[in-house]
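Here's the structure, in structure tokens; my notes come after.
Derivation of every value follows stated rules applied to the coordinates shown; laboratory data play no part. In this text the structure is predicted, and so the values were computed from the model without any measurement. Positions of Cβ are generated from backbone atoms using ideal geometry, with glycine treated the same way; all protein chains shown enter the neighbour counts.
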Amino acid sequence: MAAYERILLTGGAGFVGAHLAARLADAYPDARRVVLMRPGESGAHPAFSCAVADLLDEDAIDRLIADLAPDLVLHLAGQASIGQSAGAPEQTWRVNFHGAFGLAAAVARHAPRAVVLFSSTAAAYGASFRDGVLTEDAPLRPMDVYSRSKAAAESAMADVLGPEARLVIARPVNHSGPGQRNRSFVLASFAAQIAAIEAGKAEPRMKVGDLSKARDFLDVRDVVDAYMRLVARARDFPERVSIFNIGSGEALTIASLLETLRGMSRRPFDVEVDPALLRPSATDIACVACDASRLAAATGWRPRHSIEDTLCALLDEWRAEIARTPS
């Protein structure tokens, strides 16, 4: 395993970042660990020092990288919701593209030999999913603001980082599990609604979008395990830029996932389609799944959590959250 001495994590207070911060603290206890936090943001892992700066403040980011000179950068910060990105395209491009560009430029200037892991998205394949389960060789054909901004950031980082850097681009599929508090994501929305219904704080009626679509889902803990394995081996990869899918290769319908959660619910409920939750059909692919054979061959990774484990952990957290919320 690579020994890193100075680690910078962006997005470390977010859903995935919180899990990743804990793993990094355990794996690299002697490293100087810094998490980039937005002004006013809280929730940093106690094993990390906080650097407070806006990702879009190029001067502040430049000073941070110059001071830390990280040998490992994990870039998770950004707008992560497809739905929210559609409603805020300018801000999405600023954060997802310009933020990644500015960070890469600062790393190129002050930490030219760093390993950089960029958390991109399998959604960047877009229309290519119409051809079936995809490997990393599939063309990027993004279909929405979020995935276009991520695909562009991949190219920018690859171009801007210097010849001695190692860029690892991770393209994870949808992931959920403990800690997912943003209700704009489908499984978190389902779990939150069930928890409220169980607590008597909502009518026994679940509002849903299109349940017919099928998606490859992973547990957040398995995605973070993939990130850890990738950074541990990044210096051994033969290419300056390496790309890895993170997925199970199996797509499950949203309807089947809802039924699994229904089986865990302590109260019955009806289901109602909310037109506001339906995406435009032109950009909503029927089936999404990724082949992660390259990742498995390079690192030995495989998913360890079943979808039932993921949903149970998610629902239990939402039960606790709803219990703390006044009626």
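Before moving on, here are some points about what is shown:
- Centre separation in Å (Cα based) which lies between the stretch 110-141 and the stretch 248-327: 22 Å
- Net charge in the neighbourhood of ARG294 (other residues with Cβ under 15 Å of its Cβ; Lys, Arg +1, Asp, Glu -1) is -1.
- Viscosity 0.692 mPa s, 37 °C: Kirkwood-radius Stokes-Einstein D of the stretch 170-327 over Cα pairs, µm²/s: 194 µm²/s
- With all projection directions averaged, the alpha carbon convex hull of the stretch 249-293 covers 4.7 nm².
- Each residue of the stretch 140-156 was assigned a 3J(HN,Hα) from its phi angle through the Karplus expression (A = 6.51, B = -1.76, C = 1.60, θ = phi - 60°), giving 7, 9, x, 10, 8, 4, 4, 6, 5, 5, 6, 4, 5, 5, 4, 5, 4 Hz with x at Gly and Pro.
- With the helix formula -39500 (n - 2.57) applied to DSSP H stretches of n ≥ 4, the chain reaches a computed 222 nm mean residue ellipticity of -12000 deg cm²/dmol.
- Net charge of Cβ neighbours under 10 Å - reference GLY162; Lys, Arg +1; Asp, Glu -1: +2
- J(HN,Hα) series, the stretch 304-316, from Karplus relation 6.51 cos²θ - 1.76 cosθ + 1.60, nearest Hz, glycine and proline x: 10, 9, 6, 5, 5, 4, 4, 5, 5, 5, 5, 5, 4
- Value of Rg/Rh across the stretch 144-233 [Cα atoms, Kirkwood radius]: 1.11
- Among beta bridges identified by DSSP and lying wholly in the chain, the antiparallel ones come to about 5 percent.
- Distance cut-off 37 Å, percentage of C-alpha pairs in the chain lying past it: 15 percent
- Assigned charges on the beta-carbon of Lys, Arg, Asp, Glu; the chain dipole about Cα centre (debye): 240 debye
- One way to sum up the overall shape of the stretch 78-222 is the equivalent ellipsoid from its Cα gyration tensor, whose semi-axes run 33, 18, 14 Å, largest first.
- Two numbers describe the Cα atoms of the stretch 100-143: Rg and Dmax, which are 14.6, 42 Å.
- Proximity of backbone amide H atoms, modeled 1.01 Å from N, is registered between VAL273 and VAL208 at under 5 Å, excluding neighbours fewer than 5 places apart on the same chain.
- Within the shell of other residues whose beta carbon sits under 12 angstrom from the beta carbon of ALA124, the net charge comes to +1, with Lys and Arg scored +1 and Asp and Glu -1.
- Summarising the amide proton neighbourhood of VAL288: residues at separation of 5 or more, or on other chains, whose placed amide H is nearer than 5 Å comprise ALA214, ARG215, ASP216.
- In terms of its Cα atoms, the stretch 7-120 spans 42, 29, 25 Å along the principal axes, sorted from long to short.
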